[in-house]
Structure formats: structure tokens, C-alpha cells
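Q: Here it is, the structure, as C-alpha cells.
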């Protein structure tokens, strides 16, 4: 019966019991929640304590104030790490060591806290010296690998994983950073990219900069090979050699990449080139001529066209072919005493024009000059094949631009003086202010020849050729440069393709940043539209977009004149760009040149220069800064009238000079309107200068 009474209990009673149960369970739920939170808090504290206090200290091989070296035996990788946290400055993989299994590294100089030395039987020896921090505030390690026998190929590869790398040599397709390049390991010397597009180009330094705040400088005496494995490794190497030359380099670290470059990689010139050249556009004389009369006619015709289209004064850029015509006439009219028989008024038509002549170290074997020098017994003026017991020294004949030539022997002081005297003679006769020296690069492919002539087996020839430019004055232009950023000359950029690729327009800004980073802020860009096209450029859009970039560079150079398109608006845009360059850009560059001369800071700068800790700035290759004041963001892709623009520096404000709108730094402007006739330019604003803020 009791059971029946339970079964017949009212619904109200059941609801009352359930309500009581819920009331009883709520405090327990709250208590359990508090316990969970407490456990989570204790676990967090435990993890942090382990990381700070209990985590084992890395096995430092060398340890400085900012950084230290750790060896990972499983991966056979040397890590350059921060002593204050997990930051890795660089991971280096020695490829010449055995990579299978555990590769042990034992420090035999453990008693010296600033020296690491180790060896691997039959392979190599390693020494790393931690240098004391000097006034530069950068911490540096001098690394030296020495082979144990002549068959060992030394190679250290720096990881590109999470590191953007800059510097080194210019390339056919120029990237910024260089991570996207893919170049087989090869001698790290300047080559002619038209002949060897997979090589290294006209401006080259043994200096690399990593976005983690690391800089690498390779010793100048190392017979260096460099290879870039796209997005993976940057490799430094020394091939097997009988002399067993070591691989020597120095790596330095600092707070960020801007700081380490300012402390380690900056180049302060001894003097600046003549900046009057900045005001004058260069116009390449295109029409062929085989006699002086045609040359004079073509030059006068181009000058008249420039005046007709109100394009102002400029410099007529004479090719080497034109210059050789003038030299040949000078030589043919010179008597036995060296006195010229040409009347003073002979070149009157040319004398009235601003000219730039072009000289190279080559001379045709068919020329009267070459024959005369041979007859005078001065064959040592030219690089020669080594003499043997059966033959005397013979000038080595090679090809240069389709002509059989010999090359000036720069180890001969008399030959150097003869070359400079030729340039000065033509300089005086034509009242020429600008001289371009080109053609220092290149090596003949003759087995064993390199062992007899240092001039063709290394970049020493280019360095010596540049020193001749220094003798000709600070209005000289060179086409190749290495280890000469301190010399007051202009550098002419290598010819580019007439297209939108990284070998064409897309590679112009990366090339500008590359030259400036290596210390060459005074350069003459390739002609608007590229100069590798045959004849005149036909792509109007490419011409305009290229013109807009060149407007903000040191010198404006043209190969295709704007009137050949038959469109008045293109001529008008060219006029406006030249005027903008002269009134706005030139004064800005001259102002930044003062900072270059005093501090070594480049005139043209990447966005990370003002915002080195912002990862967005590390790979932007279509914007650049002039000093810290002006940001230029051209269009570098066809058919675009909008583009994304990133404004660096969270503490900065940037004003669009066209619209007067002001934007905060650290802002991405998406689909920003850029009509064909416009280029976005932003001027840095101080906080008190802002009048209008746009989100």
C-alpha cells in the first residue's frame, strides 16, 4: 500500500523535490568552477616558472651580451640566438660536414670565453671569435673555416625560413628581398647579364643583411661562390683549391635590421659626385652614324626636337660607337709629336651641346690606334697571353659587341695614363662635361688563362677601372661597381627589358633599393621603357608608368622620346614629370645627400627603414622612401588604376600631396585610386602639421 501511495503521489510534490535537488546542486557547481579556475591558474604559473626559472639554459658555445651560439647536433645547424629570449638571428648549416646522424661539435678552446675552435678529421677546422662590443654597439663574430685537404669544398648556408635577406649582387630579375631568387652556386663576381642572365650583375658587394637584425660580411680575399636556393638557403662557399683558402666572414647582430645596417653596413663616401647632373635629363642618341658629319646632324636634330616640344635642356648621351668615331678622327689628325691638326672650330656644332661620351677598355684590332701602338712596340698596353719559351707576349683577342678587340692592361701604368690622356683630350676638344666608362666586366673562356691574369679572373679589374674614373673627375659615370661606394661617381644601371616583369619595370624599385643599400645612392636609371628593345618603345602605358618611377630618381634618362607615340598628352605628361623632378625631387635628393655624407644613410630607403619591427614592411617591393620624408608608391603592373598602399611607421602620419588627405602610419590603403597620369606620393607629417585625417 505504501508503494501505491508513492506511485499516487501528486505531481506537485515531485516538482517540489526536483526543485530542491537543483537548489542543492548549484553551490556545488559554483565550487567546482572555482576549483577549475584555480587549477588553470596554478598550471599557468607553473609553466611560466618552468620557462623562467627551471627551463634548462641552452648549451652556449659562445655567449655575448646580446647573443650566443648554440649547436644543434641532430640537425647539424649552428644557431645564432638572442640571450634574452627565443629570437633566432640566423641558422647556419655547414654543408661540408657530415649531415647523417648526430654531428658533434666540441669546443677545444673552452678555457677562452670569446673563442670557439673545433675540428672534423679529414674535413675542416672551425674558429669563431666573439669580438668585444665597440662603439658601433653591434655584436660581431668572426668565422673561419679551414679545409683539412685540397678536395674539401667549404659551404655555409643561411636559412631563409622566417628571414628576409637583402644585399649581395644585382640580378637579371631583381627581387626585394632576394629570397625569391634562384641562382646556382657560382663565382661571386660581376658579369654581363645580357650574356649570362643567370649570373650576378653590375653592382655587387660581399654584404648581406637579414631581417632578424643580422649582417654578414665576407672577407675580400676569399674566392667566394654564392648560391641562392629559392626561399630556403643563402649559401656562401669556397670551391676546392690547392691553396686550401679558408672561408672567412663576419656576422654581426643588433636590435633590428636598420640598426645593424647603420652600425655595420653603412658606407660614408669621401666626397659626393657633381649634383648638377641631377637637373639634366639624359637623351640617348639612337640613329646610327658612320662619319662625323652624320653624328653632328643627328645630335643637332635631336636637340632641336627637344626645344620644339619644350622639354628643356638636357644631355645628349653618345654611345661608345659615336665616341670611337670622334677618337678615330682625333688619332688620324695627330702628328708625331702628339699635337692635333684638327682646327679648333671643327666640332663647333657639337661644342654648343651638352654631351656625354662613352669609353670602354676595349679597342678594335682593325683600328689605326691599335696598329700604331703595336708598331711602337707597346703591345703590353693590352692584356696578353702569357709568353712561352717559343713565343713572346701576344695581345689576347676577344669579342666585344660583335667586334674583335683587345682589352686595356690596367696593371701597366703607362697604359692607364694613355687611356686617361685620350679621355682628357676629347673632353677638352668637345668641352664635354660627362664621361661614361663601361665594359669593365667579363672574362674570356680560356683554360688556364685566369691563372696568368688577375684582371680577368676577379672583380679587381673593375675596381681598378673605377679608379680611372676617379682620375677623370666627379662628373664621371661608371657602369659597374664593387668596393667603390666611397668614390664620387655616378653608377649607370644595367639595361632592362621593355616589359612588366622583374627583368623590366617590376625590377626597377628593387634595383633602386639594392643599389642604395650597398652605398650607391647616386645612379642613372636605365632609360624610360627599358633600353633592351630594338628601336623605339611602342607600349604607351609602360612608358608612362616607367616615367613616373624615374621622376623620383636621381637622373631621368630617355631612349624613346615621347613624341614618337604621336600623342600630345604623352609629351605633356613628360614635360610635367621633368618639371616635377627638377623642382621637387632634386632639392630633396640634395638635402638627403648631406645625411649620406655625414651618416652614410642611403638616400633611397625601403619601408622597413622607418619601421624595422613591422613584418609587413619586409617584403614590399613596389614602394620606396626618399629619406624619411617622402613615400612613393607607383603602379608596376599593367592595366591597373587602383593599388594597395602600405604606410609605415605607427608614430608617423602621411599626407597625400594630390588630395591633401592625411593618414596614420601602419595603415593599409586598399584599392587606392591611381589614374594612368598619376603616381601616389605621400609626405611625412609632424603631429602639428595635420589638417585633415582620413580613415
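The values are calculated or read from the model by the stated rules, or taken from the named source; none is laboratory data. Predicted, not measured: the structure shown is a model, and the values here were computed from it. Positions of Cβ are backbone-derived with ideal geometry, glycine not excepted, and every protein chain shown enters the neighbour counts.
Q: Before we move on, is residue 478 over 12 Å from residue 553 (Cα atoms), touching a helix residue (DSSP H, G or I) at 6+ places or on another chain (Cβ under 6 Å) and surrounded by fewer than 24 Cβ atoms within 10 Å (Cβ to Cβ)?
A: It is false that residue 478 is over 12 Å from residue 553 (Cα atoms), touching a helix residue (DSSP H, G or I) at 6+ places or on another chain (Cβ under 6 Å) and surrounded by fewer than 24 Cβ atoms within 10 Å (Cβ to Cβ).
Q: Is it the case that some residue within region 520-534 is without any contact (Cβ under 8 Å) to a residue 12 or more places away in the chain and either assigned by TED's automatic domain parsing to the domain that holds residue 217 or over 14 Å from the mean Cα position of the chain (by Cα) (or both)?
A: For region 520-534, residues without any contact (Cβ under 8 Å) to a residue 12 or more places away in the chain and either assigned by TED's automatic domain parsing to the domain that holds residue 217 or over 14 Å from the mean Cα position of the chain (by Cα) (or both): present.
Q: So in region 624-633, with the set limited to residues that are in contact (Cβ under 8 Å) with a residue 60 or more places away in the chain and farther than 17 Å from residue 664 by Cα, which one is surrounded by the fewest Cβ atoms within 10 Å (Cβ to Cβ)?
A: 626
Q: Among the residues in region 415-433, are any more than 22 Å from residue 489 (Cβ to Cβ), assigned by TED's automatic domain parsing to the domain that holds residue 481, assigned to a helix (DSSP H, G or I) and at pLDDT 90 or above?
A: No; the residues of region 415-433 include none that is more than 22 Å from residue 489 (Cβ to Cβ), assigned by TED's automatic domain parsing to the domain that holds residue 481, assigned to a helix (DSSP H, G or I) and at pLDDT 90 or above.
Q: If you don't mind, another one. Checking the conditions here, which among 336, 364 is more than 25 Å from residue 282 (Cβ to Cβ) and modelled with pLDDT under 85?
A: Values: 364 fails: modelled with pLDDT under 85.
Just a single option satisfies the conditions, and that option is 336.
Q: Would you mention how many residues in region 593-625 are part of a helix (DSSP H, G or I) and modelled with pLDDT of 95 or more? Full working, then the answer.
A: Going residue by residue through region 593-625, those that are part of a helix (DSSP H, G or I) are 593-599, 607-609, 615-617.
Right, trim to modelled with pLDDT of 95 or more and you get 607-609, 615-617.
Of the residues in region 593-625, 6 are part of a helix (DSSP H, G or I) and modelled with pLDDT of 95 or more.
Q: Separate question: Return the pairs, sorted by first residue and then second, in which the second residue is assigned to a loop (DSSP other than H, G, I, E, B), the first residue lies in region 74-89 and is more than 18 Å from residue 139 (Cβ to Cβ), the beta carbons are less than 7 Å apart, and the residues are 6+ apart or on different chains.
A: Sorted first by the residue in region 74-89, then by its partner, the pairs are 74/102; 76/97; 76/99; 76/103.
Q: Could you check, for region 538-557, whether at least one of its residues is over 18 Å from residue 278 (Cα atoms), assigned to a loop (DSSP other than H, G, I, E, B) and touching a helix residue (DSSP H, G or I) at 6+ places or on another chain (Cβ under 9 Å)?
A: The answer is yes, given that some residue of region 538-557 is over 18 Å from residue 278 (Cα atoms), assigned to a loop (DSSP other than H, G, I, E, B) and touching a helix residue (DSSP H, G or I) at 6+ places or on another chain (Cβ under 9 Å).
Q: Answer yes or no as to whether residue 650 is buried (at least 23 other Cβ atoms within 10 Å of the Cβ) and part of a loop (DSSP other than H, G, I, E, B). Before the answer, list the steps.
A: Working: buried (at least 23 other Cβ atoms within 10 Å of the Cβ): no; part of a loop (DSSP other than H, G, I, E, B): yes.
It is false that residue 650 is buried (at least 23 other Cβ atoms within 10 Å of the Cβ) and part of a loop (DSSP other than H, G, I, E, B).
Q: Continuing with the same structure: Among the candidates 621, 671, 664, single out the residue that is exposed (fewer than 13 other Cβ atoms within 10 Å of the Cβ) and touching a residue at least 24 places away in the same chain (Cβ under 8 Å). Lay out the reasoning, then the answer.
A: Numbers: 621 fails: exposed (fewer than 13 other Cβ atoms within 10 Å of the Cβ); 664 fails: exposed (fewer than 13 other Cβ atoms within 10 Å of the Cβ).
Result: 671 is the single residue among 621, 671, 664 that is exposed (fewer than 13 other Cβ atoms within 10 Å of the Cβ) and touching a residue at least 24 places away in the same chain (Cβ under 8 Å).
Q: Same structure again: Take residue 170 and decide whether it is surrounded by 21 or more Cβ atoms within 10 Å (Cβ to Cβ), over 22 Å from residue 90 (Cα atoms) and modelled with pLDDT of 95 or more.
A: On the way: surrounded by 21 or more Cβ atoms within 10 Å (Cβ to Cβ): yes; over 22 Å from residue 90 (Cα atoms): yes; modelled with pLDDT of 95 or more: yes.
Spelling it out, residue 170 is indeed surrounded by 21 or more Cβ atoms within 10 Å (Cβ to Cβ), over 22 Å from residue 90 (Cα atoms) and modelled with pLDDT of 95 or more.
Q: I'd like the full set of residues that are surrounded by fewer than 20 Cβ atoms within 10 Å (Cβ to Cβ) and not in a helix (DSSP H, G or I), limited to region 281-296. Don't jump to the end; show me each part of the working.
A: Taking region 281-296 as the starting set, the residues that turn out to be surrounded by fewer than 20 Cβ atoms within 10 Å (Cβ to Cβ) are 284, 286-294, 296.
Residues satisfying the conditions are 284, 286, 287, 288, 289, 290, 291.
Q: Collect the residues in region 351-369 that are closer than 12 Å to residue 327 by Cα and assigned to a helix (DSSP H, G or I), keeping them in residue-number order.
A: 368, 369
Q: Please indicate, with yes or no, whether at least one residue in region 476-491 is closer than 18 Å to residue 173 by Cα, assigned to a loop (DSSP other than H, G, I, E, B) and either touching a strand residue (DSSP E or B) at 6+ places or on another chain (Cβ under 7 Å) or at pLDDT 95 or above (or both).
A: yes
Q: Another question, then. Quick check on my filter: what residues within region 306-328 are out of contact with any strand residue (DSSP E or B) (no Cβ under 9 Å at 6 or more places or on another chain) and in a helix (DSSP H, G or I)?
A: Answer for region 306-328, where residues must be out of contact with any strand residue (DSSP E or B) (no Cβ under 9 Å at 6 or more places or on another chain) and in a helix (DSSP H, G or I): 307, 308, 325, 328.
Q: Assuming residue 538 fulfils every condition listed in (1) touching a strand residue (DSSP E or B) at 6+ places or on another chain (Cβ under 9 Å); (2) surrounded by fewer than 23 Cβ atoms within 10 Å (Cβ to Cβ) apart from one, which condition is it?
A: So the condition that residue 538 fails would be (1).
Q: Residues being surrounded by fewer than 21 Cβ atoms within 10 Å (Cβ to Cβ) and within 11 Å of the chain's Cα centre (by Cα): count how many of those fall in region 197-219.
A: Of the residues in region 197-219, 1 are surrounded by fewer than 21 Cβ atoms within 10 Å (Cβ to Cβ) and within 11 Å of the chain's Cα centre (by Cα).
Q: Would you be able to say whether some residue in region 114-135 is surrounded by fewer than 20 Cβ atoms within 10 Å (Cβ to Cβ), outside any loop (DSSP other than H, G, I, E, B), touching a strand residue (DSSP E or B) at 6+ places or on another chain (Cβ under 9 Å) and in contact (Cβ under 8 Å) with a residue 60 or more places away in the chain?
A: Within region 114-135, none of the residues are surrounded by fewer than 20 Cβ atoms within 10 Å (Cβ to Cβ), outside any loop (DSSP other than H, G, I, E, B), touching a strand residue (DSSP E or B) at 6+ places or on another chain (Cβ under 9 Å) and in contact (Cβ under 8 Å) with a residue 60 or more places away in the chain.
Q: Another question about this same structure. Can you give me the number of residues within region 350-383 that are in contact (Cβ under 8 Å) with a residue 60 or more places away in the chain and under 34 Å from the mean Cα position of the chain (by Cα)? I'd like the intermediate steps shown before the answer.
A: Here is the first cut: in region 350-383, the residues in contact (Cβ under 8 Å) with a residue 60 or more places away in the chain are 350-351, 354-362, 383.
Now restrict to residues that are under 34 Å from the mean Cα position of the chain (by Cα): 354-362, 383.
Looking only at that region, the number is 10.
Q: Could you tell me whether any residue of region 265-279 is within 18 Å of the chain's Cα centre (by Cα), buried (at least 18 other Cβ atoms within 10 Å of the Cβ) and modelled with pLDDT of 95 or more?
A: No, region 265-279 has no match at all.
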